[in-house]
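To start, the structure itself, in structure tokens.
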Amino acid sequence: MNSKSVTFGVQPGGCLKGRLRVAGDKSISHRSIMMGSLADGTTHVTGFLEGEDSLATLQAFRDLGVEIERGGEGEVTIQGVGVDGLKSPADDLDLGNSGTSMRLLSGLFSGQLFDCTLIGDESLSGRPMKRVTVPLASMGARIDATEAGTAPLKIHGNQKLAGIDYEMPVASAQVKSSLLLAGLYAEGKTCVTEPAPTRDHTERMLTAFGYPVARNGNKICLEGGGRLTATDIEVPADISSATFFMVGAAIAEGSDVLLEHVGINPTRIGVINIMKLMGADLEVLNEREVGGEPVADIRVRASQLKGIRIPEDQVPLAIDEFPALFVAAACAEGETVLTGAEELRVKESDRIQVMADGLVELGVDAKATPDGIVIQGGKIGSGRVVSHGDHRIAMSFAMAALRAEGPIEIEDCANVNTSFPGFVELAAGAGLGIKTI
Ligand code: S3P
């Protein structure tokens, strides 16, 4: 579908109510396909995100000869082929909008015997890939990119990889994971040091598949040449998708939502910490552990939020949640200041500029800075904003309507299906006056 052909029309006001289960975790869903495919034996996945991004990863492994069956409702069965069992694809692998697929698979495919080419949509084709291709080259990988260091990425097979000890210049779980996955095929030890903690789903899932991973402070290491043993994976609901409802409930008077079975991995809970600092009425209930990942139910009721200076150590822990948090800031009392978040400029869109433009269009005082934004809380008006094909921008502005003075129209929303199919129906059922036009 042409991504520009979907517009959301959202009526102002209302509140959110009910027990809701949002879509499965995108990061964990990607990794379940990758590791299930490389494992010896059969892996059953439940709660898999049937969104376009994780389905792009699934299709890539089918194209490499892995038998993967979808049972519907998030059930996936993967007949693992072992670390050495992937087959040469007949064609280029199209990863759509998915940065996680492209960055993680560049590492994993660098260690194969065959060549392959990774392509993506317009947004993905503009995103920086040198952050993975440069360290992978120093392991011995051969990857051709455009002069700007972007996709298409042609990965040459049959290269001898050697482990490296790499200090990441940016806090990126995608870069860390890419190098660790290449490290499975490298001679010796691959170590990655992160400047700040980033999501650790790759490390956790490798461990669950019986592959030893060592963490010492901020350094993560593994030895190449091991094997993975199939296991069952239960994917929790995605805290990044839950965020839209957490923010919506916090800003709309009368709201009370219980978000069920949400992943609360400590490397992902920046949004909880930041919302609590803003004065949100947010409770984390019924904490438990499922398949190596902590999970809880999150209850949010409306309250008057206050503007804050967002602590920089929370930035990597809330990296995908900022578009929604900017909407919370627009409804808060006083000023909210974000710094140290220049990474937001190279996500599916430039999330600093696109959010600032949209907020200003709606009458909010928002100023983009090179590495963040300054937002004065106040009234949200009405108008038409553009999501630039960025799923998280689209869903954030949809929630802004709960506090708007008039309707909000959001253009270019088809990519909501990359991470959150069913968003419109779930949000409408909870009380948001949203329609697809
Ligand atoms: C992801 C890591 C993050 C995040 C992305 C998913 C992952 O990117 O923004 O949506 O699954 O590893 P970076 O690691 O590049 O910050």
TODO: Examine segment 92-112 for a residue that is within 20 Å of the chain's Cα centre (by Cα) and aromatic (Phe, Trp, Tyr), and state whether such a residue exists.
DONE: no
TODO: Examine segment 413-424 for a residue that is open to solvent by 10 Å² or more (accessible area, probe 1.4 Å), under 23 Å from SER255 (Cα atoms) and touching a strand residue (DSSP E or B) at 6+ places or on another chain (Cβ under 9 Å), and state whether such a residue exists.
DONE: yes
Task: Pair list, Cβ under 9 Å, 6 or more apart: segment 263-284 residue more than 20 Å from ILE251 (Cβ to Cβ) and of a type in the set (S, T, N, Q), other residue part of a loop (DSSP other than H, G, I, E, B) and open to solvent by 20 Å² or more (accessible area, probe 1.4 Å) - done: ASN265/ARG199; ASN265/ASP200; THR267/PRO197; THR267/ARG199; THR267/ASP200
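The rows are residues; the columns are (1) in contact (Cβ under 8 Å) with a residue 24 or more places away in the chain; (2) over 24 Å from ILE319 (Cβ atoms); (3) in a strand (DSSP E or B).
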{"position": "LYS367", "(1), (2), (3)": "no, no, yes"}
{"position": "GLY406", "(1), (2), (3)": "yes, yes, no"}
{"position": "VAL424", "(1), (2), (3)": "yes, yes, no"}
{"position": "ALA427", "(1), (2), (3)": "yes, no, no"}
TODO: Go through segment 55-79 and give me each residue that's in a strand (DSSP E or B) and free of Cβ contacts under 8 Å to residues at least 40 places away in the same chain.
DONE: GLU67, ILE68, GLU69, ARG70, GLY71, GLY72, GLU75, THR77, GLN79
Open item on the list: I need the full set of residues from segment 318-345 which are within 25 Å of LEU402 (Cβ to Cβ), part of a helix (DSSP H, G or I) and within 15 Å of the ligand (Cβ to nearest atom), in order please.
Closed with: ALA318, PHE322, PRO323, ALA324, LEU325, LEU344
- [ ] Look through GLY292, GLY225, GLY210, GLY254 and report the one residue that is more than 29 Å from THR42 (Cα to Cα) and either away from the ligand (no atom under 16 Å from the Cβ) or open to solvent by 10 Å² or more (accessible area, probe 1.4 Å) (or both).
- [x] GLY254
Open item on the list: Given the options THR243, THR190, name the one that is surrounded by 17 or more Cβ atoms within 10 Å (Cβ to Cβ) and within 13 Å of the ligand (Cβ to nearest atom).
Closed with: THR243
Open item on the list: Can you pull out every residue in segment 369-394 that is of a type in the set (Val, Ile, Thr), touching a Lys or Arg at 6+ places or on another chain (Cβ under 9 Å) and open to solvent by 10 Å² or more (accessible area, probe 1.4 Å)?
Closed with: VAL374
Open item on the list: Name the residue that is nearest to the chain's Cα centre (by Cα), counting only residues in segment 160-179 that are more than 11 Å from the ligand (Cβ to nearest atom) and under 30 Å from ARG345 (Cβ atoms).
Closed with: LEU179
Open item on the list: For segment 108-139: of the residues being in contact with a Phe, Trp or Tyr (Cβ under 9 Å, 6 or more places away or on another chain) and under 24 Å from ASP165 (Cβ atoms), which is farthest from the ligand (Cβ to nearest atom)?
Closed with: GLN112
Open item on the list: Any residue that is within 13 Å of the ligand (Cβ to nearest atom) and out of contact with any strand residue (DSSP E or B) (no Cβ under 9 Å at 6 or more places or on another chain) - is there at least one of those in segment 54-69?
Closed with: yes
Open item on the list: Quick check on segment 1-36: of everything there that is part of a helix (DSSP H, G or I) and modelled with pLDDT under 95, which residue is surrounded by the fewest Cβ atoms within 10 Å (Cβ to Cβ)?
Closed with: SER5
Task: In segment 119-161, the residues that are within 25 Å of GLY226 (Cβ to Cβ) and not in a loop (DSSP other than H, G, I, E, B) - done: VAL132, THR133, PRO135, LEU136, ALA137, SER138, ARG142, ILE143, ILE155, HIS156
TODO: With the condition kept exactly as written, say whether any residue in segment 72-86 is assigned by TED's automatic domain parsing to the domain that holds PRO152, at pLDDT below 95 and open to solvent by 60 Å² or more (accessible area, probe 1.4 Å).
DONE: yes
TODO: Would you mention how many residues in segment 200-242 are in the same structural domain as GLY422 (by TED's automatic domain parsing) and more than 20 Å from GLY263 (Cβ to Cβ)?
DONE: 0
Task: Single residue of VAL192, VAL257, VAL235, VAL247 found to be out of contact with any Gly (no Cβ under 9 Å at 6 or more places or on another chain) and of a type outside the set (Ser, Thr, Tyr) - done: VAL247
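The values are calculated or read from the model by the stated rules, or taken from the named source; none is laboratory data. Worth saying up front: this structure is predicted, and the values here are computed from it rather than measured. In this analysis, Cβ positions are derived from the backbone assuming ideal geometry, glycine residues included, and neighbour counts consider all displayed protein chains. Accessible surface areas use protein heavy atoms only, side chains included; no ligands, DNA or RNA. Shrake-Rupley method; radii C 1.70, N 1.55, O 1.52, S 1.80 Å.
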